[in-house]
Amino acid sequence: MFITPKQPSWGALRLGILAVMVFAGGCAAATPWQTPYNINGFHPAAPDGGKVFAHAPTVVLQLALVSASPWLDTDAYQYHLLYQNPQMLLSYRDARWVGTPAAMMDARLLQQLQRSHAWKAVLSGQSSAAAQYVLQVQLTNFVVDFSTAQAGTALVAGMATLVNAHDYQVIAQQQFTESVALSKASAAGGASAMAKASNDFVNAVTDWAARVQ
């Protein structure tokens, strides 16, 4: 005796097809991870503008590894929604930085210091060569603040300290804050503004260090 398999009802088939469509649609709508943003990708190092120094530089400078406040020790793309909860620090799920703010700033600042021609040589923080001065930079802010759903500002802030490498005496210290308005209230718009603010920060620190040496 043969038993004919029970055919699924049309209602069951419809539910199955609908489930497949929902699953496929959900995958298609999922936002893929974007290429990590880099503050060095938007603005190349600024030229020295043809500056001429009265005497050839004789001082060797070492840039200590740039440090940052603990909450910046991440490659997360962090931002504030000032119009909702100013105190809450948020992070994009589908966007991030190519490295920590300190690591990105270290590479950018070293590049600009070496191009400034204000020093006999500029050494990285890992160098074991002798230097007369050490430049220490600590980032205290690196965040995008959205004032409304359509507007925002990229903020970079930090402290720069120039130290005598022989006796560890502080030569000068200065706080720097740079901000740039977003051209578009989006992750890409914020990254572009952050690159410009970082560029302004680097140029300000570079010019200051050359003046106070």
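Any read-out appearing in this document is the output of simple, stated calculations on the displayed coordinates, not a laboratory observation. Every value quoted in this text rests on a predicted model; they were computed, and no experiment measured them. For neighbour counting, all protein chains shown are included, and Cβ atoms are generated from backbone atoms with ideal geometry for every residue, glycine included.
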Sort out which residues of the range 81-122 are of a type in the set (Ser, Thr, Tyr) and surrounded by 14 or more Cβ atoms within 10 Å (Cβ to Cβ), and write them in order of number. 92, 100, 116
From 160, 151, 181, residue being surrounded by 18 or more Cβ atoms within 10 Å (Cβ to Cβ) and of a type in the set (A, V, I, L, M): 160
Only one of (1) crowded, with 20+ Cβ neighbours inside 10 Å; (2) within 18 Å of residue 180 (Cα to Cα); (3) in contact with an Asp or Glu (Cβ under 9 Å, 6 or more places away or on another chain) fails for residue 66. Which number is that? (2)
For the range 80-123, which positions are of a type in the set (Ser, Thr, Tyr) and within 26 Å of residue 204 (Cβ to Cβ)? 100, 116
Under 20 Å from residue 193 (Cβ atoms), in contact with a Leu (Cβ under 8 Å, 6 or more places away or on another chain) and either in a loop (DSSP other than H, G, I, E, B) or of a type in the set (Gly, Ala, Ser) (or both): which single residue out of 95, 102, 129 fits that description? 102
So which residues in the range 102-136 are under 13 Å from the mean Cα position of the chain (by Cα) and touching a residue at least 60 places away in the same chain (Cβ under 8 Å), if there are any at all? 104, 105, 107, 108, 109
If a residue has to be in contact (Cβ under 8 Å) with a residue 40 or more places away in the chain, under 12 Å from the mean Cα position of the chain (by Cα) and farther than 13 Å from residue 39 by Cβ to count, how many in the range 73-94 make the cut? 2
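Filter the range 86-135 down to the residues that are polar (S, T, N, Q) and over 30 Å from residue 152 (Cβ atoms) and list them by number.
114, 116, 124, 126, 127, 128, 132
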Hey, can you tell me all the residues within the range 186-213 that are in a loop (DSSP other than H, G, I, E, B) and buried (at least 16 other Cβ atoms within 10 Å of the Cβ)? 213
So residue 139, is it within 23 Å of residue 36 (Cα to Cα), within 12 Å of the chain's Cα centre (by Cα) and in contact (Cβ under 8 Å) with a residue 40 or more places away in the chain: yes
